[in-house]
Amino acid sequence: MRGRIVTILLVSALCAGAPPLARGDSTGTAPPSEPAAAATATAADTAQAAPTATKSKEKGKPKKSKSKSKGKEKSMTAAGTMPVKPAIAPAHVEVQHILIGFAGSVPGKSITRTKEEAEKLAHEILDKARKGANFDSLVAKYTDDSPPGIYRMAGEGVPPQIGEFGRGQMVPAFGNVGFAISPGNIDIAEYDPSTSPFGWHIIKRLR
């Protein structure tokens, strides 16, 4: 009987000195290892989000225009052919011309084109000449005068030199154009019954 009492006392003593069993936290707080895992996940998410943010910024930037500025269009007119008034009125000029007449405008010439056709042709030749076509070739092909169609003139009040015509000896439009342009320039004297009765004159000043 005594032995049983002793045994019961020993068991009770051992149970009283044993440490309590660990219990889970009733609040549901994550164990210490969980915050570290969460931090790792946050860093990974940030790393993945960075390229997206960068792309968004790039999309937001205005794109530079790739269109190249157009250069100035090159003029089809050959250099020096457009009319330029001389700084000083010349006393003498040498010009070459192409006469474009129409039916009945040039004595002794059997011209069949109409006045309208003559005007159109004259301006087409002027355009060709200003674009650099050989003027001698144009004279030979088109003129209703005698090639090469070169004349020398003296200005008003200037005595003509040998081989020159006085300005008053020529139709007015011929001198009006010839003395109003600079060497190399090309211009046209339009048909006029009073000042240019033979038709249209495409005139180039040589010197």
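Values in this text are rule-based calculations from the coordinates and carry no lab data. Every value quoted in this text rests on a predicted model; they were computed, and no experiment measured them. Note: ideal-geometry Cβ built from the backbone for every residue, glycine included; neighbour counts use all protein chains shown.
Yes/no per residue for (1) more than 25 Å from A78 (Cα to Cα); (2) touching a Phe, Trp or Tyr at 6+ places or on another chain (Cβ under 8 Å); (3) crowded, with 20+ Cβ neighbours inside 10 Å:
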| site | (1), (2), (3) |
| --- | --- |
| E116 | yes, no, no |
| F135 | no, no, yes |
| M153 | yes, yes, yes |
| F165 | yes, yes, no |
| R205 | no, no, yes |
- Message: For segment 137-151, which positions are out of contact with any helix residue (DSSP H, G or I) (no Cβ under 9 Å at 6 or more places or on another chain), of a type in the set (A, V, I, L, M) and surrounded by 19 or more Cβ atoms within 10 Å (Cβ to Cβ)?
- Response: V139
- Message: Can you list residue pairs whose Cβ atoms sit under 7 Å apart, with the first residue in segment 153-169 being more than 15 Å from V95 (Cβ to Cβ) and the second being part of a loop (DSSP other than H, G, I, E, B)? Count only pairs 6 or more apart in sequence or on different chains.
- Response: V158/A91
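Which one is farthest from D136 (Cα to Cα), of the residues in segment 159-207 that are assigned to a loop (DSSP other than H, G, I, E, B) and hydrophobic (A, V, I, L, M, F, W, C)? Don't jump to the end; show me each part of the working.
Our first condition is that a residue be assigned to a loop (DSSP other than H, G, I, E, B); within segment 159-207, this holds for 159-164, 170-171, 179-185, 190-191, 193-195, 197-199, 206-207.
Filter once more, so that each one left must be hydrophobic (A, V, I, L, M, F, W, C): 162, 170-171, 179-181, 198, 206.
Working: I162: 24, M170: 21, V171: 22, F179: 20, A180: 21, I181: 19, F198: 21, L206: 12 Å.
Within segment 159-207, the match that is farthest from D136 (Cα to Cα) is I162.
Which residue is farthest from T81 (Cα to Cα), if the candidates are limited to segment 102-146 and must be of a type in the set (S, T, Y) and in a helix (DSSP H, G or I)? Talk me through it step by step, then tell me what you get.
Here is the first cut: in segment 102-146, the residues of a type in the set (S, T, Y) are 105, 110, 112, 114, 137, 142-143, 146.
Subsequent filtering for residues that are in a helix (DSSP H, G or I) retains 137, 142.
Numbers: S137: 16, Y142: 19 Å.
Among them, the one singled out is Y142.
Here is a list: A173, A140, A133. Which entry is among the hydrophobic types (A, V, I, L, M, F, W, C) and closer than 22 Å to A91 by Cβ? Quick ask: steps written out before the conclusion?
Numbers: A140 fails: closer than 22 Å to A91 by Cβ; A133 fails: closer than 22 Å to A91 by Cβ.
Of the residues listed, the single one that is among the hydrophobic types (A, V, I, L, M, F, W, C) and closer than 22 Å to A91 by Cβ is A173.
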- Message: I need every pair where a residue in segment 188-207 that is at positive phi has its Cβ under 7 Å from the Cβ of a residue that is part of a strand (DSSP E or B) and not polar (S, T, N, Q), sequence separation at least 6 or different chains.
- Response: G199/L99; G199/I100
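Quick check on this structure: which one of S182, S194 is among the polar types (S, T, N, Q) and farther than 27 Å from M76 by Cα?
On the way: S182 fails: farther than 27 Å from M76 by Cα.
Being among the polar types (S, T, N, Q) and farther than 27 Å from M76 by Cα holds for just one of S182, S194, which is S194.
Does E156 meet the test of being of a type in the set (D, E) and in a loop (DSSP other than H, G, I, E, B)? If you could, list the steps in order and put the result at the bottom.
Values: of a type in the set (D, E): yes; in a loop (DSSP other than H, G, I, E, B): yes.
Yes, satisfied.
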- Task: Considering only residues that are free of Cβ contacts under 8 Å to residues at least 24 places away in the same chain and within 31 Å of the chain's Cα centre (by Cα), look in segment 84-140 and name the one that is nearest to P197 (Cα to Cα).
- Result: K120
